[in-house]
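Some notes on the structure that comes next.
The values are calculated or read from the model by the stated rules, or taken from the named source; none is laboratory data. Quantities reported herein were computed from a predicted structural model and do not represent experimental measurements. For neighbour counting, all protein chains shown are included, and Cβ atoms are generated from backbone atoms with ideal geometry for every residue, glycine included. Heads up: the accessible areas ignore ligands, DNA and RNA and are worked out on the full protein's heavy atoms, side chains in. Shrake-Rupley method; radii C 1.70, N 1.55, O 1.52, S 1.80 Å.
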Amino acid sequence: MNTARRIVVRQSLMHLLMIVLVILLLYPLFIALWISVKDVTAFKQQPWLPTLPMWLGNYSYAWKAVDRYMFNTVFVGAVSTAGLLFLSSLSAYVFARMRFPGREGLYMAVIALMMVPGVLTFVPTYMVYNSLGMLDTYLVLIIPTIIGGSVGGIFLLRAFFNGLPEAIFEAARLDGCSEFNAYWRVCMPLSLPILGTLAVMTIIGIWNDVIWPMTTISDERLFTISAGLFMKFNNDYSTNVPVLFAGYTVASLPLIFLFLFANRFYIEGLTSAGLKL
Amino acid sequence: MSAMERTLLRRVWDARLAYLLLSPLFIGLIVFAYYPPISGMYHAFFDWNALGKKTYIGLDNFRELFADPVFLHSIPTMFLIVLPKLLIGTFVPLLVAELIFSFKSAKWKFRYRMLLLLPMVAPGMVFMMIWARIYDPINGLVTLAGKSLGLIGQDQIINWLGDSSTVIPSLIFMGFPWIGGTAVLIYMAGIMNIPSEVIESSVLDGASVWRRIASIDLPLLMGQIRYFFVFGLIAGIQDYNLQVVLTGGGPGYDTYVPGYYMYLKAFGASRMGYASAVGLVMFVAIFGLTLLTLKYMKSNDDSRD
């Protein structure tokens with residue numbers, strides 16, 4: 001009886017500790033939420049706790065200022081994530097499931113690119129896009145995600161595809177399934193969690209990127225969200241902090257939907273990937 | 001043509017579909033992944049501007065780089081920022097993963113994991129802007145908390161991000177309690193992979209939780225610890241988002257790191273060749289440090305591989 005009570009007490013203390021940690025972790029998010037509905041005077045007097053009345057009008061100013069960046073980010077995010085998923089899953093399938101001379105060598109040539117750090121490639125990559133005349137276009141935002149992301153994507157997906165039982169593929173081939181259909185109709189549906197993980201990581205990367213867009217894009221109408229917030233919105237509304245935070249909240253909305261929709265896939269894929277070194 | 005060559009050609013021809021399916025990947029990689037690093041290493045020996053005009057200058061870029069006090073000073077600064085963040089980022093999530101693992105209720109384990117992922121929904125830029133407000137010298141949260149705890153005098157103004165003595169600790173403290181994101185999840189997956197008989201028998205032998213963590217969990221999680229440490233180190237050395245968004249390298253040159261130095265030389269001064277030389281030096285340093293780290297952090301899995 002005594003030990004049982006001790007366990008209950010200990011579990012409760014652990015819950016208490018964990019709840020404090022979670023509150024500290026999420027506090028900055030809540031700050032953003034309630035600053036976004038203050039007026040300027042209320043913000044000056046009490047920035048760190050919620051106050052009434054709520055000024056929802058901040059959001060209409062903020063939305064007008066960031067809607068263009070939101071559209072750009074959703075467009076760039078959708079195209080590059082779809083491209084990345086297709087290219088890396090197809091290539092990973094070939095490396096994992098098909099037999100051909102030079103397979104290991106070609107795979108190593110792809111994986112070796114993971115050892116090349118961004119600092120070595122940043123400037124020359126900029127110059128490649130410069131000489132191809134792609135600066136200031138959507139392409140300079142889309143291609144790096146598809147091509148650059150495919151290296152890590154292939155690494156992640158090949159390991160997963162290798163783990164699928166060969167018997168399924170043999171059965172499909174015996175039934176007259178073409179190689180492409182074995183990839184598209186057998187392999188892909190079995191790999192949804194890991195594909196979801198890769199998609200979420202890619203979209204978050206695009207949402208967070210500041211430096212590459214602000215370097216390669218000078219036409220502000222093409223900025224993705226983080227670069228647009230940093231290069232334009234922060235300056236335009238520097239005297240009206242609540243509107244700034246309304247803009248930050250708007251910028252987070254699509255990721256909130258992504259989180260609600262995909263977090264189970266994401267957790268499942270992430271935990272099954274068994275990341276270690 | 002020998003018989004062997006003919007059979008190889010035959011096998012290549014039979015597998016033509018595989019090569020066809022890989023061709024989009026390799027066309028893309030050649031232009032956008034293999035060419036740039038080679039171009040960077042080559043142009044490190046040139047005076048090369050943003051218009052593409054170049055002149056061979058031998059080792060001049062490197063001589064200038066290693067004589068520039070701004071660059072030389074940026075190296076220790078980088079380690080002062082990266083190493084504490086790396087230790088925090090590797091071990092705090094491990095402790096929290098053990099904490100969550102110790103909950104008896106599977107439902108709460110799942111809920112806590114979900115809550116830790118939630119900060120993902122705010123772009124990193126937004127987080128940095130929020131923390132900039134938290135560090136506001138006059139009515140920032142850190143200042144208010146310090147005053148109410150009596151750590152700071154009522155009339156004292158500390159410019160957390162603008163003062164040499166506070167800027168680096170402030171950058172490290174950012175993101176407290178450092179447990180958001182995927183690290184805790186990956187550690188938890190590792191802990192759950194430890195065979196339950198091993199953990200149960202440690203309990204039967206009377207080992208405390210701390211003893212179990214030290215003698216069983218830690219050795220079995222070395223693979224994950226190495227993963228976070230090595231990739232955290234590689235990413236940390238190259239990161240200059242904070243400099244671009246928050247500090248501008250300041251105050252003075254106090255938060256300059258090599259990556260930021262490279263960025264300014266390329267896109268502020270249009271010296272692409274010089275910036276490529278910085279990139280090449282950083283590449284060599286990262287490569288060496290990675291090998292060194294891997295050598296001194298031997299994985300327990302090595303014997304079984």
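Examine segment A:217-228 for a residue that is facing another protein chain (nearest Cβ under 10 Å) and open to solvent by 10 Å² or more (accessible area, probe 1.4 Å), and state whether such a residue exists. No: segment A:217-228 contains no residue that is facing another protein chain (nearest Cβ under 10 Å) and open to solvent by 10 Å² or more (accessible area, probe 1.4 Å).
Per-residue answers, yes or no, for (1) away from chain B (no Cβ under 11 Å); (2) over 30 Å from A:PHE261 (Cβ atoms); (3) open to solvent by 20 Å² or more (accessible area, probe 1.4 Å):
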residue	(1), (2), (3)
A:THR81	yes, no, no
A:SER88	no, no, no
A:SER91	no, no, no
A:ARG99	no, yes, yes
A:GLU104	yes, yes, yes
A:VAL110	no, yes, no
A:LEU157	yes, no, no
A:ILE168	yes, no, yes
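Of all residues in segment A:125-142, those being in contact (Cβ under 8 Å) with a residue 40 or more places away in the chain, assigned to a helix (DSSP H, G or I) and under 23 Å from the mean Cα position of the chain (by Cα) number 4. Segment B:1-105 holds helices (runs of 4 or more DSSP H) entirely within its bounds, and those carrying 2 or more residues that are exposed (fewer than 13 other Cβ atoms within 10 Å of the Cβ) and within 27 Å of the chain's Cα centre (by Cα) map to B:69-101. Residue under question is A:GLY148, and the condition is that it be open to solvent by 40 Å² or more (accessible area, probe 1.4 Å), outside any helix (DSSP H, G or I), without any contact (Cβ under 8 Å) to a residue 24 or more places away in the chain and not charged (D, E, K, R); does it hold? Criteria not met by A:GLY148.
Before we move on, is A:PHE265 within 13 Å of chain B (Cβ to nearest Cβ) and in contact (Cβ under 8 Å) with a residue 60 or more places away in the chain? For A:PHE265, the condition - within 13 Å of chain B (Cβ to nearest Cβ) and in contact (Cβ under 8 Å) with a residue 60 or more places away in the chain - is met.
Give the residue, chosen from B:ILE213, B:ILE286, B:ILE225, B:ILE234, that is in contact with a helix residue (DSSP H, G or I) (Cβ under 8 Å, 6 or more places away or on another chain), away from chain A (no Cβ under 12 Å) and outside any loop (DSSP other than H, G, I, E, B). First the steps, then the outcome.
Numbers: B:ILE286 fails: away from chain A (no Cβ under 12 Å); B:ILE225 fails: away from chain A (no Cβ under 12 Å); B:ILE234 fails: away from chain A (no Cβ under 12 Å).
That would be B:ILE213, the only listed residue that is in contact with a helix residue (DSSP H, G or I) (Cβ under 8 Å, 6 or more places away or on another chain), away from chain A (no Cβ under 12 Å) and outside any loop (DSSP other than H, G, I, E, B).
Is there a residue being part of a loop (DSSP other than H, G, I, E, B), of a type in the set (Ser, Thr, Tyr) and closer than 30 Å to A:THR239 by Cα anywhere in segment A:70-77? No, the conditions are met nowhere in segment A:70-77.
With respect to A:TRP34, determine if the residue is over 16 Å from B:GLY140 (Cα atoms) and either touching a Gly at 6+ places or on another chain (Cβ under 6 Å) or away from chain B (no Cβ under 11 Å) (or both). No; evaluated as a whole, the condition is false for this residue. Within segment A:1-31, the residues that satisfy the criterion of being open to solvent by less than 90 Å² (accessible area, probe 1.4 Å) and more than 10 Å from chain B (Cβ to nearest Cβ) are A:THR3, A:ALA4, A:VAL9, A:SER12. Within segment B:4-58, being more than 7 Å from chain A (Cβ to nearest Cβ), among the charged types (D, E, K, R) and free of Cβ contacts under 8 Å to residues at least 24 places away in the same chain holds for B:GLU5, B:ARG6, B:ARG10, B:ASP14, B:ARG16, B:LYS53. Scanning segment A:183-211 for residues that are more than 11 Å from every other protein chain (Cβ to nearest Cβ) and either within 20 Å of the chain's Cα centre (by Cα) or crowded, with 20+ Cβ neighbours inside 10 Å (or both) returns A:CYS187, A:SER191, A:LEU192, A:PRO193, A:ILE194, A:LEU195, A:GLY196, A:LEU198, A:ALA199, A:THR202. Taking segment B:128-152, which residues are open to solvent by less than 40 Å² (accessible area, probe 1.4 Å) and either closer than 22 Å to B:GLY180 by Cβ or touching a strand residue (DSSP E or B) at 6+ places or on another chain (Cβ under 6 Å) (or both)? B:MET128, B:MET129, B:ILE130, B:TRP131, B:ALA132, B:ILE134, B:TYR135, B:GLY140, B:VAL142, listed by residue number. The residue list A:LEU132, A:LEU139, A:LEU164 contains one member that is surrounded by fewer than 17 Cβ atoms within 10 Å (Cβ to Cβ) and either under 22 Å from B:GLY279 (Cβ atoms) or hydroxyl-bearing (Ser, Thr, Tyr) (or both), which is A:LEU132. Report, by residue number, each residue of segment A:237-253 that is modelled with pLDDT of 85 or more and out of contact with any Pro (no Cβ under 9 Å at 6 or more places or on another chain). The answer is A:PRO242, A:VAL243, A:LEU244, A:PHE245, A:ALA246, A:GLY247, A:THR249, A:VAL250, A:LEU253.
Which of the residues belonging to segment A:19-49 are in a helix (DSSP H, G or I), within 19 Å of A:TYR248 (Cα to Cα) and hydrophobic (A, V, I, L, M, F, W, C)?
To start, the set of residues in segment A:19-49 that are in a helix (DSSP H, G or I) comprises A:19-35, A:40-45.
Still in the running and within 19 Å of A:TYR248 (Cα to Cα): A:25-35, A:40, A:42-44.
The answer is A:LEU25, A:LEU26, A:LEU29, A:PHE30, A:ILE31, A:ALA32, A:LEU33, A:TRP34, A:ILE35, A:VAL40, A:ALA42, A:PHE43.
Looking at segment A:112-127, which of the residues that are among the aliphatic types (A, V, I, L, M) and open to solvent by 10 Å² or more (accessible area, probe 1.4 Å) is nearest to B:GLY40 (Cα to Cα)? Per the stated criteria, the residue is A:MET127.
All conditions in (1) crowded, with 17+ Cβ neighbours inside 10 Å; (2) away from chain B (no Cβ under 12 Å) hold for A:ASP236, with the sole exception of (1).
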